[in-house]
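**Q** Before we start, here is the structure in question, set down as structure tokens.
The numbers here are math on the coordinates, done by the rules we state, and not lab data. Computed from a predicted structure; not experimentally measured. Heads up, the Cβs are rebuilt from the backbone with ideal geometry, glycines too, and the neighbour counts pull from every protein chain shown.
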Amino acid sequence: MSEDNGQVSLRIEEGLAHLVFDRPAARNAMTWTMYQQLGAACEQLAQDSSVRAVLMRGAGGQAFVAGTDIAQFAHFKNGEDGIAYERQIDAGITRLASLPMPTIALVEGWAVGGGLAIATACDFRLATPGTKFGVPIARTLGNGLSVANIARLRAAWGHERIKRMLLLAEMVGADEAMACGYLHGIAPDAEALGEQGLALAHKLAALAPVTQRVSKTALQRLTVHELPPGDDLILTVYGSDDFHEGVSAFVAKRPPVWKGQ
């Protein structure tokens, strides 16, 4: 494994698939390579009727996925690069959400940005007590999310809570995530998290797969039904001076200076 690029590994055992985001030195921040591997894994799983449930987890115990690797944004020149990126992310998240079998995210530590999108695309989520969820881009990068991505987050979290994440850059803890229904359960530690995840996966695997597949598809269609256009919003935010300042500041490990331009 390349330490810089990381990897998304897939293991299938006794009807269950195990996906691991493996870049612990960077809190499993996703590289383009990792996104490509996630897409390939989803393509493989979509064709494998022997798999009855999928468990996803971040390596190292410090994070599920801490967003996208920020250094990769340094080469973005204008808003068109942002549109291409968001379309690529939307396609990957749609592929994950469209898997025919139930999916479970086992979350420890940080689930931020792209990591929150991945966890939200799963059908169920279990977490440990110290887990934090959020999209703090108003504090960090000054970029934005696609309309489809925001629609999925709003469906899972509720309008007001997502407003706090996006406009106030607030991080939400496991207790609040449990109270609003985003989490299926909270495990006391990493070992219990794995045990509860397996128990849930086995419970799901014992039920009718066609019913599960049709129900998942219906819910996804309702979530993204007749979404308004959003490329103009992405063009604005990724084409802004503030976005480039956010990336530069993040890489330089200094606070960004926002100018609203």
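**Q** Just name the residue that is farthest from G58 (Cα to Cα) out of those in the range 19-36 that are in contact with a helix residue (DSSP H, G or I) (Cβ under 9 Å, 6 or more places away or on another chain), part of a strand (DSSP E or B) and of a type in the set (A, V, I, L, M).
**A** Of everything passing the filter in the range 19-36, M30 is farthest from G58 (Cα to Cα).
**Q** What residue, among those in the range 113-143 that are among the polar types (S, T, N, Q) and under 19 Å from D175 (Cα atoms), is surrounded by the most Cβ atoms within 10 Å (Cβ to Cβ)?
**A** T131
**Q** Can you pull out the residues in the range 177-187 that are surrounded by 15 or more Cβ atoms within 10 Å (Cβ to Cβ) and either aromatic (F, W, Y) or outside any loop (DSSP other than H, G, I, E, B) (or both)?
**A** Going residue by residue through the range 177-187, those that are surrounded by 15 or more Cβ atoms within 10 Å (Cβ to Cβ) are 177-178, 182-187.
Across the range 177-187, the qualifying residues are A177, M178, Y182, G185, I186.
**Q** Restricting attention to the range 138-154, which residues are over 14 Å from the mean Cα position of the chain (by Cα) and either among the polar types (S, T, N, Q) or at negative phi (or both)?
**A** A138, R139, T140, L141, N143, G144, V147 - these are the residues of the range 138-154 that are over 14 Å from the mean Cα position of the chain (by Cα) and either among the polar types (S, T, N, Q) or at negative phi (or both).
**Q** What number of residues within the range 209-261 satisfy the criterion of being basic (K, R) and surrounded by 17 or more Cβ atoms within 10 Å (Cβ to Cβ)?
**A** Adding up the residues that qualify gives 1.
**Q** Find the strands (runs of 3 or more DSSP E) located wholly in the range 37-116 whose residues include 2 or more that are charged (D, E, K, R) and farther than 22 Å from L183 by Cα, and list them.
**A** Values: elements: 53-58, 63-66, 103-107, 110-112.
So the answer is none; nothing clears 2.
**Q** Another question, if that's okay. Six or more apart or on different chains, Cβ atoms under 8 Å: show the pairs whose first residue is in the range 149-167 and farther than 22 Å from T94 by Cα and whose second is buried (at least 20 other Cβ atoms within 10 Å of the Cβ).
**A** Close Cβ pairs satisfying both conditions: R161/V172; R164/V172.
**Q** Conditions: (1) over 25 Å from G15 (Cβ atoms); (2) buried (at least 19 other Cβ atoms within 10 Å of the Cβ); (3) of a type in the set (V, I, T). V147 meets all but one. Number of the miss?
**A** (2)
**Q** Further question on the same structure: I want to confirm something. Restricting to the range 1-47 and keeping residues that are basic (K, R) and without any contact (Cβ under 8 Å) to a residue 40 or more places away in the chain, which single residue is farthest from V112 (Cα to Cα)? Before the answer, list the steps.
**A** The first filter runs over the range 1-47 and keeps only residues basic (K, R), leaving 11, 23, 27.
From what's left, without any contact (Cβ under 8 Å) to a residue 40 or more places away in the chain: 11, 23.
Numbers: R11: 24, R23: 15 Å.
Here the answer is R11.
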